[in-house]
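Participant: Once you've had a glance at the structure underneath, I'll fire off some questions.
The values are calculated or read from the model by the stated rules, or taken from the named source; none is laboratory data. Worth saying up front: this structure is predicted, and the values here are computed from it rather than measured. Using ideal geometry, Cβ is built from the backbone for each residue, glycine included, and neighbour counts are taken over all protein chains shown. To get the accessible areas, we keep the full protein, side chains included, count just its heavy atoms, and leave off ligands, DNA and RNA. Shrake-Rupley method; radii C 1.70, N 1.55, O 1.52, S 1.80 Å.
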Amino acid sequence: MHEGHEGHHGHGPAHEHRAPAAAHGAGGPVSWGTAARATLHCLTGCAIGEVLGMIIGTALGWGNVPTMILAIVLAFFFGYALTLRGVLAAGVDLRTAIRVALAADTLSIAVMELIDNGVIALWPGAMDAHLSEPLFWIVLAIALAAAFVITTPVNKWMIGRGKGHAAVHQYHH
């Protein structure tokens, strides 16, 4: 989903280049805005996977553990898929695109999944809430927000060292 996102990682007229070296994977100072955009990108894939996994698990009558495992697997799948789409659109071969997606998203998605699933697992009644209940959606929103807040500094640190989403920047021209 990188296409049409001129300002996605600090590129384009809507965002000034505060740290050109970091924006192109070389490491260096990174703005909080750049880190937040990278985190929001990962969060989008995670949220799609989480919700879809919960819907599928619930529809199939699965228990909490298999449903959570499916949601986590789908969160990684959709997180990687969003990055792959943008990198492949830049004309990169599939093997390289997969390596870029793995490098860009693995730690970010893992931290998000740990946080959001941890919040859901620890919130009283959340694991037993059904999709039709407000508690399910309220706790999911809180869990995803917590994951965003905690993962943004992780992404800022990684991008500043030329890692994580810094691997994707060279394909956003």
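Participant: Whether any residue in the range 58-79 is closer than 15 Å to M158 by Cβ and either modelled with pLDDT under 90 or among the hydroxyl-bearing types (S, T, Y) (or both) is what I want to check. Explain how you work it out, then say what you get.
Facilitator: First pass over the range 58-79, keeping only residues closer than 15 Å to M158 by Cβ: 79.
Going one step further and asking which of them are either modelled with pLDDT under 90 or among the hydroxyl-bearing types (S, T, Y) (or both), we end up with none.
Looking for residues that are closer than 15 Å to M158 by Cβ and either modelled with pLDDT under 90 or among the hydroxyl-bearing types (S, T, Y) (or both), one finds none in the range 58-79, hence no.
Participant: Another question about this same structure. F136 is checked against (1) within 17 Å of the chain's Cα centre (by Cα); (2) open to solvent by less than 40 Å² (accessible area, probe 1.4 Å); (3) farther than 15 Å from G45 by Cα and fails just one. What number does that condition carry?
Facilitator: Condition not satisfied by F136: (1).
Participant: Of the residues that make up the range 85-92, is at least one crowded, with 20+ Cβ neighbours inside 10 Å, touching a residue at least 12 places away in the same chain (Cβ under 8 Å) and out of contact with any His (no Cβ under 9 Å at 6 or more places or on another chain)?
Facilitator: The initial filter retains those residues of the range 85-92 that are crowded, with 20+ Cβ neighbours inside 10 Å, namely 86-87.
From what is left, the residues that are touching a residue at least 12 places away in the same chain (Cβ under 8 Å) are 86-87.
This time we only want the ones that are out of contact with any His (no Cβ under 9 Å at 6 or more places or on another chain), so: none.
Checked the range 85-92: no residue is crowded, with 20+ Cβ neighbours inside 10 Å, touching a residue at least 12 places away in the same chain (Cβ under 8 Å) and out of contact with any His (no Cβ under 9 Å at 6 or more places or on another chain).
Participant: Here is a further query. (1) under 19 Å from I56 (Cβ atoms); (2) not in a helix (DSSP H, G or I): which one isn't true of F77, the others all being true?
Facilitator: Condition not satisfied by F77: (2).
Participant: Right, next: For the range 105-132, give me the residue count where each residue is open to solvent by 20 Å² or more (accessible area, probe 1.4 Å) and touching a Gly at 6+ places or on another chain (Cβ under 9 Å).
Facilitator: First, pick out the residues of the range 105-132 that are open to solvent by 20 Å² or more (accessible area, probe 1.4 Å): 106-107, 110-111, 114-115, 118-119, 121-125, 127-128, 130-132.
Those still in the list that are touching a Gly at 6+ places or on another chain (Cβ under 9 Å) too: 106-107.
The total comes to 2.
Participant: Could I ask something else about it? Is the range 19-30 home to any residue that is of a type outside the set (V, I, T), assigned to a loop (DSSP other than H, G, I, E, B) and either at pLDDT 90 or above or within 20 Å of the chain's Cα centre (by Cα) (or both)?
Facilitator: As a first pass, look at the range 19-30 and keep what is of a type outside the set (V, I, T): 19-29.
Within this subset, residues satisfying the condition of being assigned to a loop (DSSP other than H, G, I, E, B) are 19, 24-29.
Adding the requirement that they be either at pLDDT 90 or above or within 20 Å of the chain's Cα centre (by Cα) (or both) leaves 24-25.
Yes: one or more hits.
Participant: When you go through V149, V100, V154 one by one, which is the residue that is within 26 Å of N64 (Cβ to Cβ) and either at pLDDT below 95 or of a type in the set (A, V, I, L, M, F, W, C) (or both)? Break it down into steps so the answer makes sense when it comes.
Facilitator: Values: V100 fails: within 26 Å of N64 (Cβ to Cβ); V154 fails: within 26 Å of N64 (Cβ to Cβ).
Only one candidate qualifies: V149.
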